[in-house]
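What follows is a set of notes on a single structure, which appears directly below.
The values are calculated or read from the model by the stated rules, or taken from the named source; none is laboratory data. A quick note: this is a predicted structure, and the numbers were derived from the prediction, not measured. A quick note on method: Cβ atoms are made from the backbone with ideal geometry, for glycine too, and the neighbour counts reach across all protein chains shown.
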Amino acid sequence: MDNAEQKSPQRRRTSARATVTIRDVARHAGVSVATVSRALRGSDLVHPATRERVDAAIEELRFTPSQLGRSLAERRHAANGIVFPDLSGPYYADVVLGYEEVAATLGRSVLILSTHNRESADEMVLELAGRVDGLAVFGRTVHDDVVAEIVQRGVPVVLMARTEIEGADSVRTENVAAAASVVEHLLADGHRRMSFVGDPSDSTDVAERWAGFRGALAQSGAEVPERTIPAGFKEDDGARVAADLVADGLPDVVVCANDELALGLSVALAEQGVQVPGDVAVTGWDDVMAARYAGLTTVRQPMREMGGRAARMLDARISGDRSEPRHDVLTTQLVVRHSCGPHPKEAHR
């Protein structure tokens, strides 16, 4: 065997050691990357038994302090991943702007993934999780078990507009009480027959709004619809619903799951000679800019604040400043404009 052949195994071992990262240490020790970082900094937040596992993994993998320095330096300027079901429309745009504004001040870049309900969404998100130091996931873009797997890998995760999952942070807005306040206001104006447009199976937010809507009607003794009128979140969905409502007979009021849906519905109703609010009242949710100009009664929620809050929460987990998950619920506010008007019969007196 010549000298080159004798040295090649040693070169391979050296090369393998050079590729060891803080993530490899975390995986080997069965802890999060943040825990390894805290252990290496001597943080008191790390349990002695956990510290021993981390030390053993470092020794076994030959993870050197110089490699740690490079990894930590990369982490201070690394990317966050943010996952949305879609990026069209003002709602998602405001959340992204809020997230990016805060991430930029923290020195982090942002990789944005829009899944568009693709069948490969789970694989796409798992692949992204392997390229970032933390991941923000909006709504029901992927299944709970995918989020759980990412958390298990040691990647910090924050959920937006989604129910809590063990090990992940979350930030969402209040829906149930706000939906009840919408119904209470409509009842006070004399409306009784109400329809809800939206798909609770498609969104945690919509499911909570539907629950608040039904609960308030039941408590008042008013008629409670057995089911929603299913629809997506786009203006075109509102136009389709408008045709069905006119064909089936108009209720007193239509409560929509978001503003785009409500605006599309209102325009399509007007094109068919139906007056809003003279013949039917319409409400939305979000308070996007167009809703203000259209005079749409809606529920204002802090979209930019939600994005910014998510970026800060994720940064705290990545940096090791906080180890326990945190769950924030932001307040919302009913904004009354002329689209809900008085009861239809009163309008014609």
In the set Gly190, Gly139, Gly198, which member is in contact with a Ser or Thr (Cβ under 9 Å, 6 or more places away or on another chain), under 26 Å from Ala242 (Cβ atoms) and modelled with pLDDT under 95? Gly139
Assess whether Glu127 counts as being modelled with pLDDT of 95 or more and part of a helix (DSSP H, G or I). no
Search the range 289-309 for residues being surrounded by 19 or more Cβ atoms within 10 Å (Cβ to Cβ) and aliphatic (A, V, I, L, M), and hand back the single one that is nearest to Tyr92 (Cα to Cα). Met303
Assuming Asp321 fulfils every condition listed in (1) closer than 21 Å to Gly341 by Cα; (2) of a type in the set (D, E, K, R); (3) assigned to a loop (DSSP other than H, G, I, E, B) apart from one, which condition is it? (1)
Please work out which one of (1) in the same structural domain as Glu208 (by TED's automatic domain parsing); (2) closer than 23 Å to Ile82 by Cβ; (3) buried (at least 24 other Cβ atoms within 10 Å of the Cβ) is the condition Val282 fails and give its number. (2)
So Phe138 clears everything in (1) in contact with a Pro (Cβ under 8 Å, 6 or more places away or on another chain); (2) surrounded by fewer than 22 Cβ atoms within 10 Å (Cβ to Cβ) except one condition, right? Which one? (2)
Does any residue of the range 116-127 turn out to be touching a helix residue (DSSP H, G or I) at 6+ places or on another chain (Cβ under 6 Å) and either surrounded by fewer than 20 Cβ atoms within 10 Å (Cβ to Cβ) or outside the structural domain of Glu324 (by TED's automatic domain parsing) (or both)? yes
Which of (1) more than 24 Å from Arg140 (Cα to Cα); (2) at pLDDT below 95; (3) acidic (Asp, Glu) does Glu235 not meet, given it meets every other one? (1)
If the Cβ limit is 6 Å and pairs must be 6+ apart or interchain, which residue in the range 72-87 that is modelled with pLDDT under 50 pairs with which residue that is of a type outside the set (Val, Ile, Thr) and part of a loop (DSSP other than H, G, I, E, B)? Arg75/Asp133; His77/Gly107
Answer yes if at least one residue in the range 225-239 is in contact (Cβ under 8 Å) with a residue 40 or more places away in the chain, in contact with a strand residue (DSSP E or B) (Cβ under 7 Å, 6 or more places away or on another chain) and among the aliphatic types (A, V, I, L, M), and no otherwise. no
Six or more apart or on different chains, Cβ atoms under 8 Å: show the pairs whose first residue is in the range 258-280 and under 14 Å from Leu296 (Cβ atoms) and whose second is among the hydroxyl-bearing types (Ser, Thr, Tyr) and surrounded by fewer than 24 Cβ atoms within 10 Å (Cβ to Cβ). Asn258/Tyr91; Asp259/Tyr91; Glu260/Tyr91; Ala262/Ser339; Ser266/Ser339; Val276/Ser339; Pro277/Ser339
Are any residues in the range 310-326 surrounded by fewer than 22 Cβ atoms within 10 Å (Cβ to Cβ), farther than 19 Å from His47 by Cβ and charged (D, E, K, R), and if so, which ones? Arg312, Arg326
Might you check whether a residue that is modelled with pLDDT of 85 or more, touching a helix residue (DSSP H, G or I) at 6+ places or on another chain (Cβ under 6 Å) and either outside any helix (DSSP H, G or I) or closer than 16 Å to Val132 by Cβ (or both) occurs anywhere in the range 89-100? yes
